[in-house]
Structures are given as C-alpha cells and as structure tokens.
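Chemist: So that we are looking at the same thing, I have put the structure below in structure tokens.
The values are calculated or read from the model by the stated rules, or taken from the named source; none is laboratory data. All figures in this text were calculated on a predicted structure; none of them were measured in a lab. Neighbour counts run over all protein chains shown; Cβ positions are idealised from the backbone, glycine included. Heavy atoms of the whole protein, side chains included, go into the accessibility calculation; ligands, DNA and RNA do not. Shrake-Rupley method; radii C 1.70, N 1.55, O 1.52, S 1.80 Å.
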Amino acid sequence: MMAGCASVGKKYNYQNVNSLRLGISNQEEAKSLIGAPLKSTTTTNADGTYEILQYTYAYANLGGAKARVLLLEFKNGVLNGYVYNSGFSEDSTAFVIGGADKVNRGSSTKADVLGFLGEPSGKAMCPSTLADFKDIAGASGEVWAWIHTTKSKGLDTSTIKTRTVKVAFDEGGVVTNIETSEEH
C-alpha cells in the first residue's frame, strides 16, 4: 500500500505577521520579515494604487488537507490591510463565533470586541480592495475579521468549513457594522 502527500506554495514566516503595523509598515519591511510572496497584484483606482502580496502554503495527505494563506494589501506603498487564515494546529485562526453575539452596533468599542472574540486574523483601513473587507468597509474607519477554515476529513473536501466574523469601526473605534457567515 502506498501513502502519499503533497504540498502547494511555499512555507513563509507567518509568525512575523503581528510585527507589521497598518498605516506604517511598507513592502520592504514586510518582505524582509515574511519572505518573498508567491504572487502580487497591483490595482489603481480613484483611491490610490493598491498592491496585494499573496503568501500560500497547503499540505495534504490521506489524513486530510490544510492550508495557510496570508494577503497583505499596500495602498500607495504603506500597509493598508492584511488577512490571515490557517488550518494548521500550530497557528490555527480558530475563534469562538458565539462571541460575535455580544458585539453591539453603536456602542461596542475595539477593546470590547477584542474581549469577545480575541485577536482578529485580519485588519484593514477603509477603503480596501481586499475581498474580505471591501463589502463591509465604508469610506473611513477600520474593519477587523476573524476567519477560520477547518481541515478536510481525509480526501473528502466537502467537509471543509469556513467561519467568518467581520466588524467595522468608525474613526472613533465604535462598531458600525457586524457580519457573520459560515460556508461549507
């Protein structure tokens, strides 16, 4: 009997993501901390020039598949947003989705949300071109996201599930919107 495994993408220094700061870090700093991206995409619109650096690593064997994905968005050369999702046990982005029930529009603050949900796996300043943020992001403020994708059970990819919570804040740090979703 043969056992097999496969990987896609390349390993990168995901531990250094928390060293990057919105509105401050630049691409050179990100690349020196995390490594060279697998792919980059540039878009220019009325808000400026956005470059997205994509880092991906996935691994599969007969026991299942799991992945780690990081997107860094730079607006005019400065970090505007990032989103990170991992199904690996050592850096899983799992969270308790029930914490979202405690978040209140118009009164919960960033500190409250951190207490309910923990550290987000993504943040973006508004506006953002990142798909995870652009629909909830307004013209100003900030959006945070908690995203977790489970690993598959064996080769059955229909068992993969993604849970997401997105919270938008105004410039004063008060919640303006919240969205939750679960996708199979």
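Chemist: Residue by residue through the stretch 90-107, note down the ones that are in a loop (DSSP other than H, G, I, E, B), in contact with a helix residue (DSSP H, G or I) (Cβ under 8 Å, 6 or more places away or on another chain) and either buried (at least 16 other Cβ atoms within 10 Å of the Cβ) or without any contact (Cβ under 8 Å) to a residue 12 or more places away in the chain (or both).
Modeler: Within the stretch 90-107, 95, 103 meet the criteria.
Chemist: Please specify each residue of the stretch 43-80 satisfying the condition of being over 19 Å from the mean Cα position of the chain (by Cα) and of a type in the set (Asp, Glu).
Modeler: Residue satisfying the conditions is 47 alone.
Chemist: Among residues belonging to the stretch 10-25 that are surrounded by 14 or more Cβ atoms within 10 Å (Cβ to Cβ) and not in a helix (DSSP H, G or I), point out the one that is modelled with the lowest pLDDT.
Modeler: In this case the residue turns out to be 12.
Chemist: Looking only at the stretch 56-66, decide whether some residue is among the charged types (D, E, K, R), in contact with a strand residue (DSSP E or B) (Cβ under 9 Å, 6 or more places away or on another chain), assigned to a strand (DSSP E or B) and modelled with pLDDT of 95 or more.
Modeler: no
Chemist: If you don't mind, there's one more thing I want to ask. Please go through the stretch 36-54 and give me each residue that is of a type in the set (Asp, Glu) and not in a loop (DSSP other than H, G, I, E, B), ordered by number.
Modeler: Scanning the stretch 36-54 gives a single hit, 51.
Chemist: Quick one: in the stretch 124-144, which of the residues that are over 13 Å from residue 176 (Cβ atoms) and aliphatic (A, V, I, L, M) is surrounded by the fewest Cβ atoms within 10 Å (Cβ to Cβ)?
Modeler: Going through the qualifying residues, I end up with 131.
Chemist: Select from the stretch 36-55 the residues that are in contact with a strand residue (DSSP E or B) (Cβ under 8 Å, 6 or more places away or on another chain) and either among the charged types (D, E, K, R) or without any contact (Cβ under 8 Å) to a residue 12 or more places away in the chain (or both) and list them in ascending order.
Modeler: 39, 42, 44, 47, 51
Chemist: Still on this structure, please answer the following. Going by the structure shown, is residue 6 over 17 Å from the mean Cα position of the chain (by Cα), of a type in the set (Gly, Ala, Ser) and part of a strand (DSSP E or B)?
Modeler: Spelling it out, residue 6 is indeed over 17 Å from the mean Cα position of the chain (by Cα), of a type in the set (Gly, Ala, Ser) and part of a strand (DSSP E or B).
Chemist: Looking for whichever is open to solvent by less than 30 Å² (accessible area, probe 1.4 Å) and outside any loop (DSSP other than H, G, I, E, B) here; the options are 33, 71, 79. Which one fits?
Modeler: 79
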